[in-house]
1. Quick one: putting +1 on the C-beta of Lys and Arg, -1 on the C-beta of Asp and Glu, what dipole do you get for the chain around its Cα centre, in Debye to the nearest 20?
2. What residues have an amide H closer than 5 Å to that of C12, excluding those fewer than 5 places away on the same chain, when H is modeled at 1.01 Å from N in the peptide plane?
3. For segment 2-150, taking Cα atoms only, what is the radius of gyration to one decimal and the Dmax to the nearest whole Å?
4. Can you work out ³J(HN,Hα) from phi for every residue in segment 18-32, in order, using Karplus 6.51 cos²θ - 1.76 cosθ + 1.60 and θ = phi - 60°, giving whole Hz and x for Gly and Pro?
5. Any lysines with Cα under 20 Å of the K104 Cα? List them, leaving off those in the same chain fewer than 8 positions away.
6. Report the trypsin sites (Lys or Arg not before Pro) located in segment 1-107 that are in a DSSP loop and have at most 16 other Cβ atoms inside 10 Å of their Cβ, or state none.
7. Quick check for you: which residues of segment 1-19 have the amide N under 16 Å from the point 7 Å beyond the Cα of Q133 toward its beta carbon?
8. For the pair H74 and E148, how long in nm is the line joining their label points, each one 7 Å along Cα→Cβ?
Amino acid sequence: MKVLMVCLGNICRSPAAQGVLEFLARKHRLDIQVDSAGTAAYHIGKRPDARSIAALAEIGIDISQQRARQVSRHDFEEFDWILAMDRDNLNNLAQLAPAQERAKIALLGEYRNGLNGGEVADPYWGEAAEFAQMREHLMVLLQDFISEIKS
Ligand code: 4NP
């Protein structure tokens, strides 16, 4: 199974989501390939934001080797799931996607055990505390995503 995590810049939320899902997939011995991308082009080629790298390093997850890229049309064929961090990015993905691939696109927060996990708040203008909150939110949402795909 191949899963693409999508946010705006691909430097804060989606690289963190990739790192957390890779970690959980290993823990649950699930064969999931994970990548991440942004809907915007501002940060192409950059490593994740230093604050995201630090927040994930605190729990032993290294995302420093990731590099930002933009979502491409090919992604809609390549991935089984394309999970957006918020509704703006979900809407942008829906506009980019060929009609027959739209079912693969979802809001990550929809997987929270039947509860509404909501949007993953953009921490870009925040501080370390917002990045730690983002990490904890991703951990909960992605654990639920794992439960969903296991069932
Ligand atoms: P991300 O956060 O979408 O979680 O990577 C952002 C990164 C950059 C910007 C906004 C959000 N920006 O405006 O440059």
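Every read-out reported here was derived from the displayed coordinates using simple, explicitly stated rules and does not represent laboratory data. Please read these numbers as outputs of a predicted model, since none were measured by experiment. Every residue, glycine among them, receives a Cβ derived from its backbone with ideal geometry; neighbour counts consider all protein chains shown.
1. Roughly 260 debye for the chain.
2. D49
3. 13.9, 41
4. The phi angles translate into 4, x, 5, 5, 4, 4, 5, 5, 4, 4, 8, 6, 9, 8, 10 Hz.
5. K2, K150
6. R29, K46, R67, R73
7. 13
8. So the two model labels end up 2.7 nm from each other.
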